[in-house]
1. Divide by every residue of the chain the summed helix terms, -39500 (n - 2.57) for each DSSP H run of at least 4, and state the resulting mean residue ellipticity at 222 nm, rounded to the nearest 500 deg cm²/dmol.
2. Quantify, in whole percent, the carbon and sulfur part of the accessible surface of the chain (1.4 Å probe; protein heavy atoms only).
3. Test of understanding: what is the full-extension gain from His39 to Val68, defined as 0.36 nm times their sequence separation minus their Cα-Cα distance?
4. What does the accessible area of Tyr17 come to, in Å² to the nearest 10, when a probe of 1.4 Å is used?
5. In square nanometres, what is one fourth of the surface area of the convex hull spanned by the alpha carbons of the range 35-81?
6. Which three extents, in whole angstrom, do the alpha-carbon atoms of the chain cover along their principal axes, largest first?
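The values are calculated or read from the model by the stated rules, or taken from the named source; none is laboratory data. Here the structure is a predicted model, which is why all the values come from computation and not from measurement. We work out accessible area using only protein heavy atoms, side chains counted, and drop any ligands, DNA or RNA first. Shrake-Rupley method; radii C 1.70, N 1.55, O 1.52, S 1.80 Å.
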Amino acid sequence: MAKYTMCSVLDLTAQQYGRPFFTVSDGSAIRGFSDEVNHPDDNSILYKHPDDFQLFRIGTFDDSTGKVDLCDPVMLVSGASVAVRG
């Protein structure tokens, strides 16, 4: 039984949050987002336009109770701050 972090990626250009996803912690969400921003793939909008995206925590999910607790969005990291280009 665990409490998961619920996150969403904000597309600043589209002014729209993406579908929520769940991770075990803020750190794992940041690592996954960073990996996507830095994975060289010409089909990846995150890779091609890292400045356009920000990762937010939007709540938690408890898998033992099914309870979802929403919070005001808290920015964890921006794509521009984790993009490594060389």
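1. Counting only the DSSP helices, I get -6000 deg cm²/dmol.
2. Working: 2870 of 5500 Å².
In the chain, the share of accessible area belonging to carbon and sulfur is 52 percent.
3. Once the chain is fully extended between His39 and Val68, it gains 7.3 nm.
4. Per-residue accessible area (Tyr17): approximately 100 Å².
5. 4.3
6. 44, 24, 20
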